[in-house]
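First the structure, in the form of structure tokens, and then the observations on it.
The values are calculated or read from the model by the stated rules, or taken from the named source; none is laboratory data. Bear in mind the structure is a predicted one, so any value in this text is a computation, not a measurement. FYI the Cβ positions are ideal-geometry reconstructions off the backbone, even for glycines, and counts take in every protein chain you see. Surface accessibility is based on the protein's heavy atoms, side chains included, excluding ligands, DNA and RNA. Shrake-Rupley method; radii C 1.70, N 1.55, O 1.52, S 1.80 Å.
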Amino acid sequence: MKLYYDLHIHSGLSPCADKTMTPHNIAAMAKLKGLDVIAVTDHQSCGNCAAVMAVSARMDGPTVLPGLEIESAEEIHLLCLMPDLTAASWIEKQVRDHLPDRPNRPEIFGEQLLFDENDHVIGRESCLLLQPCTLDCLSLALLVADQGGVLIPAHVDRDAYSMLQTLGTIPADYPTRWLEYADPESTRFLVARMPQLRHFMPLYNSDAHRLGSISEKIHALNVTDPLAIFSALRP
């Protein structure tokens, strides 16, 4: 069974995302594009996951996995996918307990909007989410795995905030079989330059900050159901 996916989508809670990235708009666009499963992964927070999950279920849209995009102490972005909201909220708390108490400045970084199921703004996150926590990559991976989730190095084909750009390699003790890329072309380019990357499986996500950037029905995982994704993605 093939499930078409996009497992890295930002909502308006991420200050760098377009404010049209509301729960209804995300779910509707993903359904329109024919996706079977998506994940909402805002910076350092899962605050809008519940609303997107509820909206997508109501419109018989794709399954929505809760998650976060965590920035580690090394300033590396990591794609965190969790099996349920309880686990996602627990991980968010660990991250937030290790996040500097630095207020957001909307006029510089953008607003951090919390939505309800009707796309109404019900709050604004006051702590700046675009900053690293003080937990390192390996510590975060172990915390996430303990809760049944996965923590995959994000957009390794980029020049900023990627594990390859920051560390120059994927450490041997980092527990992953998968790396996130933008597309197969960038995968081929990197693997040609760094043959050791052949040992990892590619995961292709949009990292969408705007509605039109959400993935088309192109990339699929061969799994029996959405929760089986975790078995497929674990080390």
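Can you say whether Tyr161 is within 28 Å of Cys16 (Cα to Cα), open to solvent by 60 Å² or more (accessible area, probe 1.4 Å) and aromatic (Phe, Trp, Tyr), as far as the supplied structure shows?
Considered against the rule, which asks whether it is within 28 Å of Cys16 (Cα to Cα), open to solvent by 60 Å² or more (accessible area, probe 1.4 Å) and aromatic (Phe, Trp, Tyr), Tyr161 comes out as yes.
Would you please list the contacts, defined by Cβ atoms under 8 Å and residues six or more apart or on different chains, that run from a residue in region 167-178 that is under 18 Å from Cys80 (Cα atoms) to a residue that is open to solvent by less than 40 Å² (accessible area, probe 1.4 Å) and among the small types (Gly, Ala, Ser)?
Tyr174/Ala141; Pro175/Ala141; Thr176/Ala141
Which condition does Ile218 not pass, out of (1) more than 14 Å from Asp6 (Cα to Cα); (2) aliphatic (A, V, I, L, M); (3) open to solvent by 80 Å² or more (accessible area, probe 1.4 Å), if it passes all the others?
Status for Ile218: all satisfied but (1).
Of everything in region 183-211, what is outside any helix (DSSP H, G or I) and free of Cβ contacts under 8 Å to residues at least 40 places away in the same chain? Give them in sequence order.
Answer for region 183-211, where residues must be outside any helix (DSSP H, G or I) and free of Cβ contacts under 8 Å to residues at least 40 places away in the same chain: Asp183, Met194, Phe200, Met201, Pro202, Tyr204.
Among the residues of region 152-182, which ones are outside any loop (DSSP other than H, G, I, E, B) and in contact with a Pro (Cβ under 8 Å, 6 or more places away or on another chain)?
Met163, Leu164, Trp178, Leu179, Glu180, Tyr181
Name every residue in region 102-132 that is in a helix (DSSP H, G or I) and open to solvent by less than 70 Å² (accessible area, probe 1.4 Å), in order of residue number.
Pro106 - this is the single residue of region 102-132 that is in a helix (DSSP H, G or I) and open to solvent by less than 70 Å² (accessible area, probe 1.4 Å).
Of the conditions (1) closer than 18 Å to Glu71 by Cα; (2) in contact with a strand residue (DSSP E or B) (Cβ under 8 Å, 6 or more places away or on another chain), Asp159 clears all except one; give me its number.
Of (1) closer than 18 Å to Glu71 by Cα; (2) in contact with a strand residue (DSSP E or B) (Cβ under 8 Å, 6 or more places away or on another chain), only one is false for Asp159: (2).
For region 170-193, how many residues are within 26 Å of Leu130 (Cα to Cα) and either surrounded by fewer than 12 Cβ atoms within 10 Å (Cβ to Cβ) or modelled with pLDDT of 95 or more (or both)?
Matching residues across region 170-193 total 9.
What strands (runs of 3 or more DSSP E) completely inside region 17-101 contain at least 1 residues that are open to solvent by 40 Å² or more (accessible area, probe 1.4 Å)? Outline the logic, then answer.
Details: elements: 37-43, 63-71, 77-81.
Output list reads 63-71.
With Pro153, Pro202, Pro235 as the choices, which residue is in contact with a Ser or Thr (Cβ under 8 Å, 6 or more places away or on another chain) and either under 15 Å from Asp6 (Cβ atoms) or polar (S, T, N, Q) (or both)?
Only one candidate passes the filter, namely Pro202.
Could you list, in sequence order, the residues of region 1-16 that are outside any strand (DSSP E or B) and either crowded, with 24+ Cβ neighbours inside 10 Å or in contact with a Gly (Cβ under 7 Å, 6 or more places away or on another chain) (or both)?
His10, Ser11, Gly12, Leu13, Ser14, Pro15, Cys16
For region 133-151: of the residues being open to solvent by less than 40 Å² (accessible area, probe 1.4 Å) and part of a helix (DSSP H, G or I), which is farthest from Ala87 (Cα to Cα)?
Cys137
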